[in-house]
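The values are calculated or read from the model by the stated rules, or taken from the named source; none is laboratory data. Nothing here was measured: the structure is a model prediction, and the numbers come from that model. Here the Cβ positions follow ideal geometry from the backbone for every residue, glycine too, while neighbour counts run over all protein chains shown. To get the accessible areas, we keep the full protein, side chains included, count just its heavy atoms, and leave off ligands, DNA and RNA. Shrake-Rupley method; radii C 1.70, N 1.55, O 1.52, S 1.80 Å.
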Amino acid sequence: MNKKVLVLVVGLLLLATPVFAAFVDDNDTWKFNMERVRYRFQYFIQSASGDGDTYEFLDDDFDTTWAFSKGELKVWFELEPADSNMGDDTHPNTDWDSVLGNYGAKWTPESLADSSFVFQVGDFGTGFGKAINTDESPRGSVGVSWKMGDVAVVLEYGRKYEGKTDDDVEGDEHLIRGQVHMPLGESGFNLGAYAVLYTGSDIIFSEDVKGDRNVFLGAGEFSGKVSNLDLYSEFGFASGKTDETGEEVDLSGFYIMGGTSVAVGQVTLGIEGGFATGDKNGWEDGKDEGFTAVSSDFWLGQVLHDESLILRSNGKDGGLSNIVYGQVTAGISPTDKLSLDAGVIYLKPAEEIVSPYTGVQADTYGTEVFGSVNYKLADSLKYILYWGYAIVNEDFIEDNQYQLHNRLEFNF
């Protein structure tokens, strides 16, 4: 669909929303709620990876969440009509698949309210842990959650459609996953477990690259409080492989991470560290065996791990793969409107890699200082500055890396 036509249609829908909402609210059975309207205008200044230059660009992001409810039933969906680099229209949302974000329908029967029972279909997540991505399900997923006393359980099934009905041409991918959380008696600690099975054939990995994938991934988390220390830890493992047009890739591995935070006056201090296995051959033979790339949304710092530097050398989607790290953070909110935080992190690969920039084998990514400034300009308007400066081993990248990310966010 032409981008101008798409933006026009979405704009008309947004303009018509107040009229439609008034109509729905006049109905005694259905209720409408615009749960979120958010617009972000962003200005980036950062080093260009590997060549010492600086570049800057503008970015805008507009999304909204609508919900309709009737008794025990709730239907909701997200629209994101704008998410692109401004000026050159890089990565614009030009089709409905991009514009339509998460969506779903929830049924919460009042008769089972004591068990917190929920049945839902659509695109949703389980909300487990920090390192495993459970926020995005294949569209058309089905899930149930409930509580048995203090034990919370989630079970889901999802099927990712490739876009054609002929599975002999383009196959589908399935996932089955479960999650359990429970308190450990009266200790104040909680234990959680998560498991998911991915299986699919004739999956499209990229243009002209198809294959099969069968992976089992499990994770556990342990958290609680001792005195004024908040403790947490998480571990995970995977077993499986992909077969991309005849080339088999092993996705087996494990990770472990943990940390603590403590309030010292107005300042909150945090310490965190982690380790994840890597591929011994790495880039030397062109293989990418970052197992948590199957399901990861975990990022560290602001520059080294959160940008394309690590994506190009440390796994398909970053995350906890082929990495050893430790970080210290501090945060403070001197007023109701202002909050500040800063940190320092050291990262290195568990297995040596060959730098994509210098072609030299490197044993470290470097040290980075990073932080943010968050200032509330009005009830629904705030300014956020993210910053980071990375001191990098010259065998990996010859020039140090930096970034300033200015964001003006309207949200209600």
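You will find that of Thr65, Thr94, the residue that is at pLDDT below 75 and not acidic (Asp, Glu) is Thr94 and no other.
The set of residues in the stretch 380-395 that are open to solvent by 70 Å² or more (accessible area, probe 1.4 Å), within 9 Å of Thr367 (Cα to Cα) and in contact with a Gly (Cβ under 8 Å, 6 or more places away or on another chain) contains only Ile391. So, Asp83, is that one at pLDDT below 85, open to solvent by less than 80 Å² (accessible area, probe 1.4 Å) and in a strand (DSSP E or B) or not? Considered against the rule, which asks whether it is at pLDDT below 85, open to solvent by less than 80 Å² (accessible area, probe 1.4 Å) and in a strand (DSSP E or B), Asp83 comes out as yes. In the stretch 364-412, what residues are of a type in the set (A, V, I, L, M, F, W, C), in contact with a Lys or Arg (Cβ under 7 Å, 6 or more places away or on another chain) and within 23 Å of Phe275 (Cα to Cα)? Hits for the stretch 364-412: nothing passes. Does the stretch 154-169 include one or more residues that are in a strand (DSSP E or B), open to solvent by 30 Å² or more (accessible area, probe 1.4 Å) and at pLDDT below 85? Checking the stretch 154-169: at least one residue is in a strand (DSSP E or B), open to solvent by 30 Å² or more (accessible area, probe 1.4 Å) and at pLDDT below 85. Within the option set Phe189, Phe216, being open to solvent by 60 Å² or more (accessible area, probe 1.4 Å) and in the same structural domain as Tyr157 (by the TED database) holds for one residue only, Phe216. In this structure, Tyr194 does not satisfy being closer than 29 Å to Val344 by Cα, surrounded by 17 or more Cβ atoms within 10 Å (Cβ to Cβ) and either in the same structural domain as Val354 (by the TED database) or within 22 Å of the chain's Cα centre (by Cα) (or both).
With respect to the conditions (1) at negative phi; (2) over 24 Å from the mean Cα position of the chain (by Cα); (3) outside any strand (DSSP E or B), Gly359 falls short on a single one, namely (1).
Quick check on Asp202: is it assigned by the TED database to the domain that holds Phe254, on the phi > 0 side of the Ramachandran plot and not hydroxyl-bearing (Ser, Thr, Tyr)? Yes; evaluated as a whole, the condition is true for this residue.
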